[in-house]
């Protein structure tokens with residue numbers, strides 16, 4: 001019995017995947033909890049970093065499709081302070097390997113499409129990383145007086161094309177970015193209330209880079225209520 005083979009032409013769509021750092025590092029009180037945040041919480045057009053895709057070329061594909069995104073990364077938060085006994089100590093919170101940020105797929109923004117200068121966005125989303133700046137929370141106990149706090153995180157945000165279901169989403173491009181921000185205590189309360197110099201903020205490391213489907217080992221949901229990156233009250 002002779003075997004035959006068939007060749008299929010796989011044409012990956014093209015897209016431009018762009019971003020713009022948009023936020024300001026600021027203190028914010030939400031639901032009785034104090035935060036240091038990069039941009040306003042989601043949903044907001046004043047989020048820390050905005051993402052958008054445009055120039056989508058389907059290479060002749062005419063059926064239904066979906067464009068979506070996901071973000072993976074790592075995050076480290078370090079608190080320094082004292083406990084009830086006056087002992088000085090530190091608490092670190094860090095992930096184990098690359099983690100899925102928030103959900104799959106990443107939630108689209110109700111404020112999209114965005115327009116960045118001459119970039120007309122067709123799909124938009126955003127991120128506003130934050131960390132709690134008050135002591136005696138689920139994340140920094142047994143600290144009851146905070147002296148300093150630092151957040152360092154880095155992310156890869158992927159844009160995907162998914163043909164008519166059932167099908168597997170295919171990553172097209174990625175954006176790499178990172179954020180660092182710190183705060184100290186002026187001594188007026190147990191909370192961190194002074195943004196540390198030099199001025200912190202986000203930095204885009206790579207943009208519109210061709211990508212393959214990423215892998216992750218866990219989720220950032222374990223950060224819980226007191227530290228999340230986008231979907232604040234989901």
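Every read-out reported here was derived from the displayed coordinates using simple, explicitly stated rules and does not represent laboratory data. In this text, all values refer to a predicted model and were calculated from it rather than measured experimentally. Here the Cβ positions follow ideal geometry from the backbone for every residue, glycine too, while neighbour counts run over all protein chains shown.
Using a Förster distance of 22 angstrom, determine the FRET efficiency expected from the C-beta separation of residue 29 and residue 76, and round it to 0.05. Calculated value: 0.35.
The stretch between residue 162 and residue 141, if pulled fully straight at 0.36 nm per residue, gains 3.2 nm over its current Cα-Cα span.
Taking all Cα-Cα distances within region 14-223, those exceeding 27 Å account for 36%. Remark: spin-label model distance residue 103-residue 46 equals 2.5 nm, labels positioned 7 Å along the Cα→Cβ axis. By DSSP, the beta bridges lying fully in region 14-223 are antiparallel in about 95 percent of cases. For region 54-104, the square roots of the Cα gyration tensor eigenvalues, ordered a ≥ b ≥ c, give a/c of at least 1.5 with a/b greater than b/c, which places it in the prolate category. Note on 54, 136: ascending count of other Cβ atoms within 10 Å places them as 136, 54, the fewest first.
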